[in-house]
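Derivation of every value follows stated rules applied to the coordinates shown; laboratory data play no part. In this text, all values refer to a predicted model and were calculated from it rather than measured experimentally. Quick reminder, even Gly has a Cβ in these numbers, built from the backbone with ideal geometry, and neighbours come from all protein chains shown.
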Amino acid sequence: MDNHKKRELDCQVAEKVMGWKVKGKDSDWRCWGIPPGWTAPESVEIPRYSSDIASAWKVVERMRDLWTAYTARMDREAAYKKFLEMTQEQKAMYLDPSGIVEAISVEMAGPEPFSAEAFFNRLHRKIDRRWPWAFFYLDPFLICEAAVAAFPPVAHPSGIK
């Protein structure tokens, strides 16, 4: 894998997953931007997520935190109250009656910010499936590739490519 592809993936991870504002790239495979919460006016170099396992593990933790925050928005008690107020015809619209309260809570929480299922399934397909030791064989590039694939594409209003 060449450095250019890795740094391109690093920029995508920084922007899509980690919340950076990517400001630029150069011909030496460096990319820089502003991390979330950064108050200084200058940009900093984006971490090498795709080649450093410590940085890649921050991506895994971020994906976990995003999923935790999303599921916390799913208010099952409010969904159950909504379920009790529904007519039989409204309830019949759900394909799986046993999971209706869960489906309502997901609807009320809004769309997922990313597909957690896509992230973990992609990792699972890429690594040795001998659980739990499989995660010790993870490649930072595979983690980053799976994380970026779990998010919808981002438009670049600044024109950075």
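Take every Cα pair under 8 Å whose residues are at least 6 apart in sequence, average their separation, divide by the length of the range 24-72, and the relative contact order is 21 percent. Near Val17, once Lys and Arg are set to +1 and Asp and Glu to -1 for all other residues with Cβ below 13 Å from its Cβ, the sum equals -1. The lysines whose alpha-carbon is closer than 24 Å to the alpha-carbon of Lys91, local same-chain residues fewer than 8 away aside, are Lys81, Lys82. Remark: spin-label model distance Lys5-Lys23 equals 3.0 nm, labels positioned 7 Å along the Cα→Cβ axis.
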